[in-house]
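Okay, structure first, notes after.
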Amino acid sequence: MTNASDTDYRVGDDRIWKRAWLAPLGLAIVGGLLAILTADADRLGYAYLFGLFTTATFMLGALFLVLVQFLTASYWGVSSRRIVEVIMSGAPVVALLALPFIAGVALGKIHIYDEWQSVSAHGEQAEPDSGSDHASDHEEHGVLDFGSGVAHAQADADDHGEHSEAAAHDEAHSHTPQEVALHHEVLEKKSGYLNTKGWVARGLGYLLVWCLLALAYFAWSRRQDQDHDPKHTVRMQSLAAPSLILFAGALTFAAFDWLMSLEAAWFSTIFGVIIFAGSAVSILALTILIGLSLYKRGLVGDVINVEHFHDLSRLMFGFVCFWTYVHFSQWMLIWYAGIPEEATWFMKRWDGGWKFVSYLLFFGHFVAPFLLLMSRVQKRALPWLQVMCFWVLFMHIVDIYWFVLPQAGAFQVQLADIGALLFIGGVFFTYVFWQLGQVPLVPVGDPRLQRSHHLHQIY
Amino acid sequence: MANETKKPALYLAEYDTPNAIAQAAMKVRDAGYKNWDCHTPYAMHGMDEAMGLKPTRIGVLSFIFGMLGVATAVFMMQYTNAFDFNLLNIGAGYPLIVGGKPPGAFPSMVPIMFELGILLCGFATLFGLLGIIKLPMFNHPIFASDRFEAATDDKYFISIEAGDQKFDLDRTRALLEATNPTYIELVEEEVL
């Protein structure tokens with residue numbers, strides 16, 4: 001154990017893990033065919049974004065987990081770190097899969113961002129003088145409209161009991177000309193940020209940041225496998241803090257650009273944090289699942305054992321609560337204020353059958369894991385933990401689905417959505433499972449590995 | 001203090017190495033003692049198993065009181081703000097409409113449920129813990145031993161209290177001697 005070399009802890013000839021990458025590859029092909037054959041062009045944009053972002057959150061969560069472990073110089077997670085690193089190193093795969101999406105939006109083939117794209121395109125063409133006239137024109141109306149808008153909303157609220165839900169739904173989505181003009185004005189003010197050129201440039205920037213960080217950390221860790229030199233650890237630790245700042249900025253603004261701008265006039269400052277919380281939950285669940293499989297197949301000996309699964313699941317439990325906290329905060333503040341421009345986003349996630357999914361998220365993503373993963377006994381019973389991780393991972397996918405698809409209309413799970421997720425996730429995990437077969441399954445050169453191996457939970 | 005007498009309080013056995021105390025702890029555990037303890041200069045991994053300690057049940061207490069806090073919050077807010085029924089003739093609740101929300105709107109109660117849940121959970125954990133570890137305790141007979149000061153420096157001690165059902169002056173001493181301590185002491189306490 002003390003002299004673990006690069007040849008130890010490999011997948012080698014394991015019956016299942018040697019060929020594990022074939023399974024996601026098959027799913028990717030099936031999913032790709034499913035998406036292409038069943039989707040119409042409009043739906044495909046949303047479905048692709050859903051699949052892409054879900055997969056991206058796995059990679060982002062992994063990047064976070066690796067960086068934060070170096071930031072805190074922790075030893076508990078060293079033995080399970082290689083699994084996380086391999087998922088993290090899939091950043092270029094995510095980037096490759098994101099390029100067609102970015103190109104599609106840039107070239108006007110994907111129409112999911114039309115709301116702000118049309119406004120910003122119009123703004124670019126208009127002359128500066130007429131533009132400012134236009135704006136001041138609306139400002140005058142704006143004051144008046146705001147009052148009537150509120151009155152309108154109140155009248156709606158008063159009558160709400162008498163309307164059927166469908167009628168209320170229709171009313172919420174029909175807008176007066178003044179409201180449309182006001183909406184347009186908001187988008188014009190945002191067009192300095194929300195315009196196609198800026199969106200594309202920023203998108204490429206995020207992908208570049210993630211790829212650089214992920215590949216650098218993976219390369220250093222791999223080099224350490226061979227030379228067992230602690231200097232790599234020192235370097236990775238000293239770069240962890242600036243890397244995390246870059247990572248957090250890129251994640252937050254990617255969430256703004258790719259998810260939040262689907263509802264162009266809507267805004268929430270905590271949005272990126274919610275996405276981050278979900279990413280962290282998903283990577284912990286994934287790490288436990290892959291780690292459990294490797295552990296059961298005897299590929300990692302007892303270097304990853306119940307103590308590490310216990311630690312990972314505790315962190316997952318914590319992030320489930322954190323996810324709930326930020327998600328609920330955002331929703332409750334908007335519910336309490338009851339301002340129409342803020343509430344629209346949630347109305348789309350309530351009407352048209354989405355109410356059920358919103359409830360499912362509350363009970364499935366919070367209440368169930370909170371009660372079923374709370375005690376030490378539940379976390380250390382590995383079959384139970386495995387079931388819970390599958391469940392939490394599924395709920396994370398539902399969560400991202402809930403972020404993207406309500407923008408496409410009423411709740412209806414289409415084959416295209418599942419197909420897109422299977423395709424992008426499948427391609428990603430084909431790479432991940434293939435890469436797992438190429439590298440030692442624990443970071444054999446890390447100076448803290450032995451301490452991590454003998455981890456012991458006293459409480 | 002004229003008729004001051006002394007009675008045995010505990011046996012104290014001293015060891016030089018962590019290995020020695022771990023071996024000794026297993027023997028004391030297997031002999032069936034309950035009211036005994038190990039004193040080491042630092043937290044020793046594996047000592048829980050060597051001493052046969054069961055996992056703490058403080059979590060159960062925390063959970064029950066946390067849920068009690070949540071339930072209290074729900075009840076108080078529903079009773080005072082949502083309904084006008086009169087419970088046990090102590091006064092009727094008064095339905096309040098705040099910010100245009102219906103009386104007793106659930107989302108606005110969640111922060112209070114959370115806070116009160118955390119508060120009672122924290123109280124239960126703190127006071128439950130103090131109860132379990134018997135604090136505050138102003139003195140313990142073990143401090144009568146001069147050698148015990150080394151427990152914070154470089155020595156390892158096992159103490160078996162006279163309150164234990166199996167405690168017997170001769171047999172307990174024999175058990176401890178069999179574990180090869182470097183020193184055994186019978187610590188006495190004053191009876192007033």
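Yes or no: the range A:264-284 includes at least one residue that is closer than 21 Å to residue A:383 by Cβ, within 14 Å of another protein chain (Cβ to nearest Cβ) and part of a helix (DSSP H, G or I).
Looking through the range A:264-284, none of the residues is closer than 21 Å to residue A:383 by Cβ, within 14 Å of another protein chain (Cβ to nearest Cβ) and part of a helix (DSSP H, G or I).
Go through the residues of the range B:24-34 one by one and say whether even a single one is at pLDDT 85 or above and within 27 Å of residue B:127 (Cβ to Cβ).
yes
Could you list all residues from the range A:373-398 that are part of a helix (DSSP H, G or I), buried (at least 17 other Cβ atoms within 10 Å of the Cβ) and within 14 Å of another protein chain (Cβ to nearest Cβ)?
Of everything in the range A:373-398, just one residue is part of a helix (DSSP H, G or I), buried (at least 17 other Cβ atoms within 10 Å of the Cβ) and within 14 Å of another protein chain (Cβ to nearest Cβ), namely A:379.
Would you check if residue A:347 is surrounded by fewer than 16 Cβ atoms within 10 Å (Cβ to Cβ), in contact (Cβ under 8 Å) with a residue 12 or more places away in the chain and among the aliphatic types (A, V, I, L, M)?
No, not satisfied.
Among (1) part of a helix (DSSP H, G or I); (2) buried (at least 18 other Cβ atoms within 10 Å of the Cβ); (3) away from every other protein chain (no Cβ under 14 Å), which single condition is residue B:75 missing?
Condition (2) is where residue B:75 drops out.
Out of A:375, A:358, I need the residue that is farther than 30 Å from residue B:55 by Cα and among the hydroxyl-bearing types (Ser, Thr, Tyr). Which one?
A:358
Of all residues in the range B:48-95, how many are of a type outside the set (Lys, Arg) and closer than 30 Å to residue B:21 by Cα?
So the count comes out to 10.
Only one residue in A:32, A:51 is assigned to a helix (DSSP H, G or I), at pLDDT 95 or above and closer than 9 Å to residue A:420 by Cα. Which one?
A:51
Of the residues B:9, B:25, which is in contact with a Gly (Cβ under 9 Å, 6 or more places away or on another chain), in the same structural domain as residue B:151 (by TED's automatic domain parsing), crowded, with 16+ Cβ neighbours inside 10 Å and in a strand (DSSP E or B)?
Within the list B:9, B:25, the selection yields B:9.
With the requirement that a residue be among the polar types (S, T, N, Q), over 22 Å from residue A:343 (Cα atoms) and surrounded by fewer than 17 Cβ atoms within 10 Å (Cβ to Cβ), what does the range A:223-276 give you?
Within the range A:223-276, A:226, A:237, A:238 qualify.
Can you find even one residue in the range B:127-139 that is surrounded by 15 or more Cβ atoms within 10 Å (Cβ to Cβ) and modelled with pLDDT of 90 or more?
Checked against the condition, which is being surrounded by 15 or more Cβ atoms within 10 Å (Cβ to Cβ) and modelled with pLDDT of 90 or more, the range B:127-139 yields at least one hit.
If you take the residues in the range A:418-459 that are among the hydrophobic types (A, V, I, L, M, F, W, C) and assigned to a loop (DSSP other than H, G, I, E, B), which one is farthest from the other protein chains (Cβ to nearest Cβ)?
Only one residue tops the list, namely A:439.
Across the range B:98-107, which residue is surrounded by the most Cβ atoms within 10 Å (Cβ to Cβ) among those that are part of a loop (DSSP other than H, G, I, E, B) and within 12 Å of another protein chain (Cβ to nearest Cβ)?
This residue is B:105.
Filtering the range A:294-328 down to residues that are modelled with pLDDT of 95 or more and of a type in the set (S, T, N, Q), which residue is farthest from residue B:112 (Cα to Cα)?
By that ranking, first place goes to A:313.
Filter the range B:78-97 down to residues that are assigned to a helix (DSSP H, G or I) and either within 19 Å of residue A:332 (Cβ to Cβ) or among the aromatic types (Phe, Trp, Tyr) (or both) and give me whichever is nearest to the other protein chains (Cβ to nearest Cβ).
Checking each candidate, the answer is B:81.
Yes/no matrix, rows are residues, columns are (1) touching a Ser or Thr at 6+ places or on another chain (Cβ under 9 Å); (2) outside any helix (DSSP H, G or I); (3) surrounded by fewer than 18 Cβ atoms within 10 Å (Cβ to Cβ):
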| position | (1), (2), (3) |
| --- | --- |
| A:185 | no, no, no |
| A:188 | yes, no, no |
| A:192 | yes, yes, yes |
| A:198 | yes, no, yes |
| A:201 | no, no, yes |
| A:205 | no, no, yes |
| A:208 | no, no, yes |
| A:211 | no, no, no |
| A:215 | yes, no, yes |
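Taking residue B:19 and the conditions (1) away from chain A (no Cβ under 14 Å); (2) without any contact (Cβ under 8 Å) to a residue 24 or more places away in the chain; (3) under 24 Å from the mean Cα position of the chain (by Cα), which numbered condition does it fall short on, given that it satisfies the others?
Result: residue B:19 fails condition (3) only.
Give the residue, chosen from B:66, B:59, that is buried (at least 16 other Cβ atoms within 10 Å of the Cβ), within 13 Å of another protein chain (Cβ to nearest Cβ), in contact (Cβ under 8 Å) with a residue 40 or more places away in the chain and outside any loop (DSSP other than H, G, I, E, B).
B:66
Pull up the range B:108-126, narrow it to residues that are surrounded by 13 or more Cβ atoms within 10 Å (Cβ to Cβ) and farther than 30 Å from residue B:96 by Cα, then point me to the one that is farthest from the other protein chains (Cβ to nearest Cβ).
B:123
The values are calculated or read from the model by the stated rules, or taken from the named source; none is laboratory data. Only a predicted model underlies this, so the values are computations on that prediction, with no experimental measurement involved. No Cβ is skipped: glycine too gets one built from the backbone with ideal geometry, and neighbour counts run over all protein chains shown.
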